[in-house]
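Here is the structure we will look at, set down as structure tokens.
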Amino acid sequence: MILKRLFAGLMAVCLLSGVAYAAVALHEEAREEGLISRLQQGGYVVYLRHAQRYKGPPDHLYPDSPPEAFTDCTHQRNLTPYGIGQATLLGENIRRAGIRVGIVLAHPECRTRDTAMLAFGRVKPDVGMFDSDHVRHQLGISPLPGTNTVLVGGENTLRQIVGFQIRPAEMAIFQPDGHGGTKLIGRLPAEAWYDD
């Protein structure tokens, strides 16, 4: 009898856990759809972490490195084939959703520039993306009406600003206040775009 009660209790916990998990998943999906809907209206600054890259030792590139050091991709941790597909698919889904992208700035490393080119077809490399104060300033600049600005970088600079790390091809969405300030309104993981 005791074993039956324990088993019934365990099954109830499992069922409730499954229901709770499903409720959280539905809430996440609704929140992500809400963020995508907001991006369709324009007026946001998106910080996009580069797509998946190869592992390896640091690239040893700095703000004062010569331009040719950034254009030489042979000594950098570049996008993996999965990362290339990730960035390409992200761009296709953004266009399919009718989200207009204006300015695209990227950290000058190859993986960030390549992510921007694959996703948006254009990029302006910006050595200022090394500096969290510069990035914070960019996050507070209102985009042209109906468009969104995209900043493509690594995880470290953004982590210095918001205190957490985002994953490869994940977006942190900011809303400039028109006075140089900005507010983080949410995050969109790469998977948010692929669940059609």
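What the phi angles of region 42-58 give under the Karplus curve with 6.51, -1.76 and 1.60, with θ = phi - 60°, is a coupling list of x, x, 10, 10, 9, 9, 10, 6, 3, 5, 4, 10, 5, 7, x, x, x Hz, glycine and proline written as x. Solvent-accessible area of HIS134, all protein chains in place: 50 Å² (probe radius 1.4 Å, heavy atoms, ligands and nucleic acids excluded).
For region 126-140, putting each phi into the Karplus relation 6.51 cos²θ - 1.76 cosθ + 1.60 with θ = phi - 60° gives couplings of 9, 5, x, 5, 6, 9, 5, 5, 5, 5, 4, 4, 4, 5, x Hz, in residue order, rounded to whole numbers and with x for Gly and Pro.
Among MET171, MET117, what's the order by accessible area (1.4 angstrom probe), most exposed first?
Values: MET171 5, MET117 90 Å².
So, going from the largest accessible area down, we get MET117, MET171.
What figure in square angstrom, to the nearest 10, would you give for the accessible area of ARG77 with a 1.4 Å probe? So the heavy atoms of ARG77 present about 40 Å² to solvent. Each residue of region 144-160 was assigned a 3J(HN,Hα) from its phi angle through the Karplus curve 6.51 cos²θ - 1.76 cosθ + 1.60 (θ = phi - 60°); the sequence is 4, x, x, 10, 10, 8, 10, 10, 10, x, x, 7, 5, 5, 5, 4, 5 Hz, with glycine and proline shown as x.
Positive contributions from Lys and Arg (+1) and negative ones from Asp and Glu (-1), summed over other residues with Cβ under 13 Å from the Cβ of PRO125, come out at 0. Using only side-chain charges placed at the Cβ, +1 for Lys and Arg and -1 for Asp and Glu, the dipole size of region 23-169 relative to its Cα centre rounds to 320 debye.
Sorted largest first by accessible area at a 1.4 angstrom probe radius, with every protein chain in place, the residues ARG159, ARG100 fall in the order ARG100, ARG159.
Kirkwood's formula applied to the C-alpha pairs of region 54-156 gives a hydrodynamic radius of 14.5 angstrom. If r is the Cβ-Cβ distance from LYS183 to ARG95 and R0 is 30 Å, what FRET efficiency results, to the nearest 0.05? Efficiency for this residue pair is about 0.70.
The values are calculated or read from the model by the stated rules, or taken from the named source; none is laboratory data. These numbers come from a predicted model, not from an experiment. We place every Cβ from the backbone using ideal geometry, glycine too, and count neighbours over all the protein chains shown. Keep in mind that these areas ignore ligands, DNA and RNA; they rest on the heavy atoms of the full protein, side chains included. Shrake-Rupley method; radii C 1.70, N 1.55, O 1.52, S 1.80 Å.
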